[in-house]
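Engineer: Before we start, here is the structure in question, set down as structure tokens.
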Amino acid sequence: MTGCYEPNLKLRQAERLFEDLLIGPESLANIGDVLYTGTADGKIVKIEGRSIHVLATLGKPPCGSGEHEHTCGRPLGIRVGPNGTLLVADAYLGLFEVNPVTGEVKSLVSTGKMIGGRRLGFVNDLDVTQDGKKVYFTDSSSRWQRRDFMHLIMEATADGRVLEYDTESKEVTVMMENLRFPNGIQLFPDEESVLVAETTMARIRRVHVSGLNKGGMDTFIDNLPGFPDNIRRSSSGGYWVAMSAVRPSPGFSMLDFLSQRPWLKKLIFKLFSQDTLLKFVPRYSLVVELQDGGICVRSLHDPHGMVAAYISEAHEYNGHLYLGSFRSPYLCKLDLSKV
């Protein structure tokens with residue numbers, strides 16, 4: 001946490017919006033001034049000015065509790081496709097296209113389908129090419145679902161994948177496998193590669209999806225100060241990376257300690273629920289802007305997550321950063337001219 005990552009309080013200048021009116025607005029997309037996000041109770045919502053409307057639901061009720069999450073659905077990554085529709089990655093149900101006006105829902109890829117001999121266990125984030133022909137998405141694990149994400153983090157299971165959905169042929173192809181918790185995904189400007197956050201490894205990989213290097217992978221940046229979630233473009237041509245927890249250095253790291261003691265991990269999961277375990281992770285919100293070559297340009301911090309907690313994405317629009325969260329009951333908005 002030195003140099004470009006030197007701690008500051010800049011994220012604390014953000015304002016909370018819609019507090020207690022929406023839970024876990026994980027990822028954000030905008031069409032003009034209208035924002036869209038998916039929430040923890042399985043809804044796709046439309047935010048216009050000061051009002052929130054439910055646009056669509058992807059799964060089946062009941063919704064709103066952890067035990068129903070797998071049937072209710074949990075929309076995570078959301079993008080606007082080139083034809084003006086919303087593309088949504090649901091952790092349990094797969095990829096969907098949602099009409100932003102009528103709320104009509106169309107399934108593109110179902111998690112019931114075997115792909116490369118394995119099921120999709122934890123569909124996470126997505127991006128789409130400018131011509132709309134290819135959608136790239138992450139499947140964080142075949143073994144662990146989103147409701148068991150602490151298991152995935154603590155076991156650092158290397159069974160995550162990057163996949164490609166061809167919107168014309170409807171085929172799904174595995175582009176890269178054996179990743180450890182692949183999470184946020186963002187196409188490079190030339191669309192020949194994607195950046196993928198490998199959360200538990202605290203690094204971002206570059207996976208080549210077309211062109212001469214197709215099938216190859218290299219490291220965009222490693223040894224990040226925190227655990228990266230979603231990656232989105234910044235107006236300067238770089239990338240915003242959101243992190244909701246940092247790696248204590250120097251200091252005691254629970255993850256490093258447990259990684260050498262599998263028997264202790266098993267015991268901990270018997271004794272504590274995932275929600276309880278999450279309370280042991282020190283809250284620290286960090287947004288980093290990276291340039292090409294993985295160079296840090298600036299970082300925005302909220303130590304202890306006092307204003308913006310459990311952040312999952314930084315979405316830039318019109319001079320502001322909108323901060324999504326995987327569990328906080330609000331959205332945050334930061335005026336970039338003030339930081």
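Engineer: What distance in nm lies between label points placed 7 Å from Cα along the C-beta direction at Thr173 and Arg143?
Structural biologist: About 2.9 nm, to one decimal.
Engineer: Under a Cβ-only charge scheme (Lys and Arg +1, Asp and Glu -1), can you give me the dipole magnitude of the stretch 3-338 about the Cα centre, in debye to the nearest 20?
Structural biologist: The calculation lands at about 880 debye.
Engineer: Setting aside same-chain residues fewer than 8 positions from Lys134, which aspartates and glutamates have a Cα under 12 Å from its Cα?
Structural biologist: Those aspartates and glutamates meeting the cut-off are Glu164, Asp166, Glu168, Glu171, Glu191, Glu192.
Engineer: Ranked from the most accessible area to the least, with a 1.4 Å probe and all protein chains present, what is the order of Arg16, Arg205?
Structural biologist: The ordering from most to least exposed comes out as Arg16, Arg205.
Engineer: With a 1.4 Å probe and all protein chains kept in place, how do Met243, Met254 rank by accessible area, largest first?
Structural biologist: Most to least solvent-accessible, the answer reads Met254, Met243.
Engineer: If you add up the charges near Asn178, with Lys and Arg at +1 and Asp and Glu at -1, over every other residue whose beta carbon is less than 10 angstrom from its beta carbon, what do you get?
Structural biologist: Residues close to Asn178 contribute a combined charge of 0.
Engineer: For the stretch 166-222, what class follows from the C-alpha gyration tensor (a ≥ b ≥ c being the square roots of its eigenvalues): rounded when a/c is under 1.5, otherwise prolate if a/b is larger than b/c, else oblate?
Structural biologist: The shape class here is prolate.
Engineer: Quick one: work out Rg over Rh on the C-alpha atoms of the stretch 270-339, Rh as Kirkwood radius.
Structural biologist: A ratio of 1.05.
Engineer: Next question. Nearest 500 deg cm²/dmol is fine: what mean residue ellipticity at 222 nm does the chain get from its DSSP H runs of n ≥ 4 alone, each adding -39,500 (n - 2.57), divided by its residue count?
Structural biologist: For the chain, the value works out to -2500 deg cm²/dmol.
Engineer: Hey, can you grab everything whose amide H is under 5 Å from the amide H of Phe220? Only 5+ residues off in sequence or another chain; H modelled, so Pro and N-termini drop out.
Structural biologist: Ile204, Arg205, Arg206
Engineer: Taking springs between alpha-carbon atoms closer than 10 angstrom, which of Pro248, Pro100, Pro182 fluctuates most in the Gaussian network model of the chain?
Structural biologist: In this elastic network of the chain, the residue with the biggest mean-square fluctuation among Pro248, Pro100, Pro182 is Pro248.
Engineer: Can you find, among Phe252, Phe96, Ser236, the residue farthest towards the positive end of the dipole of the chain? Put +1 on the C-beta of Lys and Arg, -1 on that of Asp and Glu.
Structural biologist: Positive-most Cα among the choices belongs to Phe252.
Engineer: Also, I was wondering about something else. Using a Gaussian network model of the chain whose springs link C-alpha atoms within less than 10 Å, name the residue from Val162, Val109, Val34 with the highest mean-square fluctuation.
Structural biologist: Residue with maximal mean-square fluctuation among Val162, Val109, Val34: Val34.
Engineer: May I pose another question? With point charges of +1 on the Cβ of Lys and Arg and -1 on the Cβ of Asp and Glu, referenced to the Cα centre of the stretch 3-338, which listed residue (Met201, Trp144, Leu35) lies farthest in the positive direction of the dipole?
Structural biologist: So the residue we want is Trp144.
Engineer: With all protein chains present and a 1.4 Å probe, how do Phe96, Phe252 order by accessible area, largest first?
Structural biologist: Phe252, Phe96
Engineer: Just to check I understand the Karplus step: with θ = phi - 60° and J = 6.51 cos²θ - 1.76 cosθ + 1.60, what whole-Hz values come out for the stretch 43-59, glycine and proline as x?
Structural biologist: Couplings: 9, 9, 10, 10, 10, 10, x, 9, 10, 10, 10, 7, 8, 7, 10, 9, x Hz.
Engineer: Keeping all protein chains in the complex and leaving out DNA, RNA and ligands, what accessible area do you get for Glu192 with a 1.4 Å probe, in Å² to the nearest 10?
Structural biologist: 80
Engineer: Using only the Cα atoms, work out Rg/Rh for the stretch 1-58, with Rh taken as the Kirkwood radius, to two decimals.
Structural biologist: Taking Rg over the Kirkwood Rh, I get 1.12.
Engineer: Amide H neighbours of Ile115 under 5 Å, counting only residues 5+ apart in sequence or on other chains, H built in-plane at 1.01 Å?
Structural biologist: Correct list: Leu120.
Engineer: Among Phe272, Ala314, Phe220, which residue has its Cα positioned farthest towards the positive end of the charge dipole of the stretch 3-338, with +1 placed on the Cβ of Lys and Arg, -1 on the Cβ of Asp and Glu, and the dipole taken about the Cα centre?
Structural biologist: Selected residue: Phe272.
Engineer: For the stretch 3-338, what is the accessible area per residue in Å², given a 1.4 Å probe and the full set of protein chains?
Structural biologist: Computed with neighbouring chains in place, this is 43 Å² per residue.
Engineer: Then there is this: What cysteines in the chain have no other cysteine with a beta carbon less than 4.7 Å from their beta carbon?
Structural biologist: Cys332 - these cysteines have no disulfide-compatible partner (Cβ-Cβ under 4.7 Å) in the chain.
Engineer: Still on this model: For the stretch 47-152, compute Rh as the Kirkwood radius over C-alpha pairs and then the Stokes-Einstein diffusion coefficient at 37 °C and 0.692 mPa s; write the answer in µm²/s, rounded to an integer.
Structural biologist: After rounding, the answer is 226 µm²/s.
Engineer: Could you give me the ³J(HN,Hα) list for the stretch 76-86, computed from phi with Karplus coefficients 6.51, -1.76, 1.60 and θ = phi - 60°, whole Hz, x at Gly and Pro?
Structural biologist: 10, x, 9, 9, 9, x, x, 8, x, 9, 8
Engineer: A further question on this structure: Carbon and sulfur together cover what percent of the accessible area of the chain at a 1.4 Å probe radius?
Structural biologist: 51
Engineer: Per Stokes-Einstein, at 10 °C and 1.306 mPa s, what whole-number D in µm² s⁻¹ belongs to the stretch 210-318, with the Kirkwood radius over Cα pairs as the hydrodynamic radius?
Structural biologist: So the translational diffusion coefficient is about 99 µm²/s.
Engineer: Would you mind checking Lys60/Lys113; Lys113/Lys133; Lys133/Lys214; Lys43/Lys113; Lys113/Lys266 for any pair whose Cα atoms are more than 25 angstrom apart?
Structural biologist: Check vs 25 Å cut-off fails for Lys113/Lys266.
Engineer: Can you give the Kirkwood hydrodynamic radius of the chain from its Cα pairs, in Å with one decimal?
Structural biologist: Its Kirkwood hydrodynamic radius stands at 19.9 Å.
The values are calculated or read from the model by the stated rules, or taken from the named source; none is laboratory data. What you see is a predicted model; the values in this text were computed from it and never measured. Cβ coordinates were reconstructed from backbone atoms using ideal geometry, including for glycine residues, and neighbour counts include every protein chain displayed. Ligands, DNA and RNA are excluded from the accessible area calculation, which covers all protein heavy atoms including side chains. Shrake-Rupley method; radii C 1.70, N 1.55, O 1.52, S 1.80 Å.
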